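Q: Sharing a structure below in structure tokens format, with a few things to ask.
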Amino acid sequence: MENRSHALAAGAFVLAIAALLVGMVMWLMRDTSDRVPVDLYTSEAVSGLQPQAAVRYRGVDVGVVSAIALDPEVKGNVLVRVMLDRAAPLGASSFATLGYQGVTGLAFIQLDNTSANDTPPPVGKDDVPRIPLRGGLLSRLADQS
């Protein structure tokens, strides 16, 4: 009888610790940032880009890629929806490029702008801002060669 009570106590302890670990992981992985959707459009390939890829503004993480699909507004274009922090400075002169991380070939989105213009970027049919996704360094090198 005594062996059963120790086994029951040990089993309850293991289950309690497992539940605490799951709860801690869920608490640490939660995303509490205030983000807005922005659509990037391009007629070039977005090879290596996947959902949950990083979006950076001049090297600072400001969001993630949430979806990649064909553009319903322009036939042949690719539409990349990203979720950006509200603090990310986007304007009419903003653009994105596709960057690659080291030898892994994983892609990320690099945001930049040509001027400090505060006018908002144009919006698409669903009232989501749309900015162009320009070719990255590799695509420019391929075009020049």
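The values are calculated or read from the model by the stated rules, or taken from the named source; none is laboratory data. All of these numbers come straight from a predicted model, not from anything done at the bench. Quick reminder, even Gly has a Cβ in these numbers, built from the backbone with ideal geometry, and neighbours come from all protein chains shown.
Q: Quick one: in segment 7-52, of everything that is surrounded by 15 or more Cβ atoms within 10 Å (Cβ to Cβ) and among the hydrophobic types (A, V, I, L, M, F, W, C), which residue is farthest from Ala92 (Cα to Cα)?
A: The selected residue is Leu49.
Q: Looking only at segment 53-70, filter to residues that are charged (D, E, K, R) and surrounded by 11 or more Cβ atoms within 10 Å (Cβ to Cβ); which one of those is modelled with the highest pLDDT?
A: Out of the qualifying residues, it is Arg56.
Q: Taking segment 18-52 as the search range and keeping residues that are modelled with pLDDT of 85 or more and assigned to a loop (DSSP other than H, G, I, E, B), which one is farthest from Glu73 (Cα to Cα)?
A: Applying the filter and picking the extreme gives Gln52.
Q: Follow-up question, since we're still on this one. Within segment 73-91, which residues are in contact (Cβ under 8 Å) with a residue 12 or more places away in the chain and of a type outside the set (A, V, I, L, M)?
A: Across segment 73-91, the qualifying residues are Glu73, Gly76, Asn77, Arg81, Asp85, Arg86, Pro89, Gly91.
Q: Could you please let me know if Ser43 is without any contact (Cβ under 8 Å) to a residue 40 or more places away in the chain and among the polar types (S, T, N, Q)?
A: The answer is yes for Ser43.
Q: Is there a residue being within 12 Å of the chain's Cα centre (by Cα) and either of a type in the set (Val, Ile, Thr) or outside any strand (DSSP E or B) (or both) anywhere in segment 79-96?
A: yes
Q: Let me ask you something else. Select from segment 71-106 the residues that are basic (Lys, Arg) and modelled with pLDDT under 90 and write down the one among them that is surrounded by the fewest Cβ atoms within 10 Å (Cβ to Cβ).
A: Lys75
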